[in-house]
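Here is the structure we will look at.
The values are calculated or read from the model by the stated rules, or taken from the named source; none is laboratory data. Note that the structure is predicted; figures quoted are calculated from it, not measured. In this analysis, Cβ positions are derived from the backbone assuming ideal geometry, glycine residues included, and neighbour counts consider all displayed protein chains. Quick note on the areas: whole protein, heavy atoms, side chains included, nothing else; ligands and nucleic acids left out. Shrake-Rupley method; radii C 1.70, N 1.55, O 1.52, S 1.80 Å.
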Amino acid sequence: MIYLDYQATTPLAPDARDEMMRWLDGPAGSGFGNPHSPHRMGREAAAAIALARDRVAALFPPGGKVIFTSGATEAINLAIRGTAGRDERRTVSASAIEHAAVLDTARSMGACHELNVAKNGQCNTKQDLPADTRLVCVMQVNNEIGTIQPTIDWHRKAKGANALYLCDAVQAYGKIELTAADMIAVSAHKLHGPKGVGALWVRDGLELAEVQTGGGQEFGIRSGTLSPALIAGFGAAALLAKEQMAADAEHVEKLWHRARELFSEWKLNGSEEARWHGNINIRRKGLDVNRLMSEVRDVMFSAGSACASGSGRTSHVLAAIGLSAKRAKSSIRLGWGRYTTLEEIERAAEKINAAVKAQGL
């Protein structure tokens, strides 16, 4: 099988797996202790979490703290809900191409204003924020079309409106330098770490209200026993990403140029330049994507964002950049990264293009 769905999840790095195994030991080992217990095994587990926290924090801007969560969805919920009630303003202004974790959470709070997006897939910075905006949410790299957003400008606009700025950096973390923000949400499994763990970075001086109550772990903000294994794996993946960021980016760029050659007859969705080049979202007129996926079962790719797969709904991201429902439904997304080979890109393109030709396109 050829795996080209890196925006949905990434393969676990061997370094991360090795780091995790120590903290999965059963009674014969010593790695299964509760990190919140005061005895030796608990202190050892707590030390592993502290080391991982430093490694994860090294990929964030300076001047903030890392709060571990179960993933980016929980981190985003903590950010949006944990900052509500700071003043009388209620509106959350979010780009129309945000992940459902942002848009659905903002809507559930009762006052969500959607920021429009240009045809190239970037959130338009010339639009005004509602006067009662308390929080601005603009992601750094879009999960469906890979476009890099003008986050510096949106951070400035938020500050100018005396609002907070939350950045979903799930697709950027470990790949490019992260933007300045008040809060940044990430997930480990998007940079070759394990599923089930993520983090919310919070700038110094910003206080959040507790959303998940219980034992008061994670600075009294997020309760729940931490998993040393998941967090240690996250830390190892972050360390590796920091060490290999330049090499990974160079590798991804080579694959991008080859993919553009191989899929030259397809239309690209979103900007070609302002984009993370580990993502190619393309379309062919009249394409039956379901048939294509059925006929090319040994190539793992997506018909849209992983969270919307199987919903039957047209991609809200492709709709936001002006594509009709018909064009959106004739689009596919392929994603690659550190462990993808040039040969895999070529074999996948050969199989996909042959199946498309068989459809008479």
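Annotations for the structure displayed:
- GNM remark for the chain: springs join alpha carbons under 10 Å apart, and the peak mean-square fluctuation among Arg275, Arg313, Arg327 falls on Arg313.
- Per residue, the accessible area of the chain comes to 44 Å² when a 1.4 Å probe rolls over the protein heavy atoms.
- Near Leu135, the amide H atoms lying under 5 Å from its own belong to Ser93, Leu164; only residues 5 or more places off or on other chains count, and H is placed 1.01 Å from N.
- Of the residues Ala238, Ala358, Leu262, the one whose Cα sits farthest towards the positive end of the charge dipole of segment 237-361 is Ala358 (charges of +1 on Lys and Arg Cβ, -1 on Asp and Glu Cβ, taken about the Cα centre).
- Descending by average beta-carbon neighbour count within 10 Å, the peptides 138-151, 287-300 line up as 138-151, 287-300, the highest first.
- Solvent-accessible area assigned to carbon and sulfur over the chain amounts to 50 percent, based on a 1.4 Å probe.
- Rounded to the nearest 20 debye, the dipole size of the chain about its Cα centre is 800 debye, using +1 on the Cβ of Lys and Arg and -1 on the Cβ of Asp and Glu.
- Distant-in-sequence amide contacts of Leu115, defined by a placed amide H-H separation under 5 Å and a gap of 5 or more residues or a different chain, comprise Ala94, Ser95, Ala96.
- Theoretical FRET efficiency, 1/(1+(r/R0)^6), r = Cβ-Cβ of Lys357 and Ala100, R0 45 Å, to 0.05: 0.85
- Ranking by accessible area, most exposed first, for Cys137, Cys112 with a 1.4 Å probe: Cys112, Cys137
- Per-residue ³J(HN,Hα) for segment 201-216, Karplus 6.51 cos²θ - 1.76 cosθ + 1.60, θ = phi - 60°, Hz, x for Gly and Pro: 8, 10, 5, 4, x, 8, 9, 10, 7, 5, 9, 9, 8, x, x, x
- Computed 3J(HN,Hα) for segment 178-188, one whole-Hz value per residue from the Karplus formula 6.51 cos²θ - 1.76 cosθ + 1.60 where θ = phi - 60°, is 7, 6, 6, 6, 7, 9, 9, 9, 9, 9, 5, glycine and proline marked x.
- Antiparallel %, DSSP beta bridges [both residues in the chain], to 5: 55
- Residue-level accessible surface for Glu250, protein heavy atoms, 1.4 Å, Å²: 110
- Gyration tensor verdict on segment 61-146 (Cα atoms; rounded if a/c is under 1.5, prolate if a/b is larger than b/c, oblate otherwise): oblate
- Taking label points 7 Å from Cα along the Cα-to-Cβ direction, Thr125 and Asp54 give a separation of 3.6 nm.
- The chain shape via C-alpha gyration tensor axes, a/c threshold 1.5: oblate
- For the pair Asn34 and Asp132, a Förster radius of 51 Å applied to the C-beta separation gives a FRET efficiency near 0.70, rounded to the nearest 0.05.
- Residues with amide H under 5 Å from that of Gly64, placed H, sequence gap 5 or more: Asp204
- For the peptides 258-266, 86-94, the ranking by packing is 86-94, 258-266, with the highest mean count of neighbouring Cβ atoms within 10 Å listed first.
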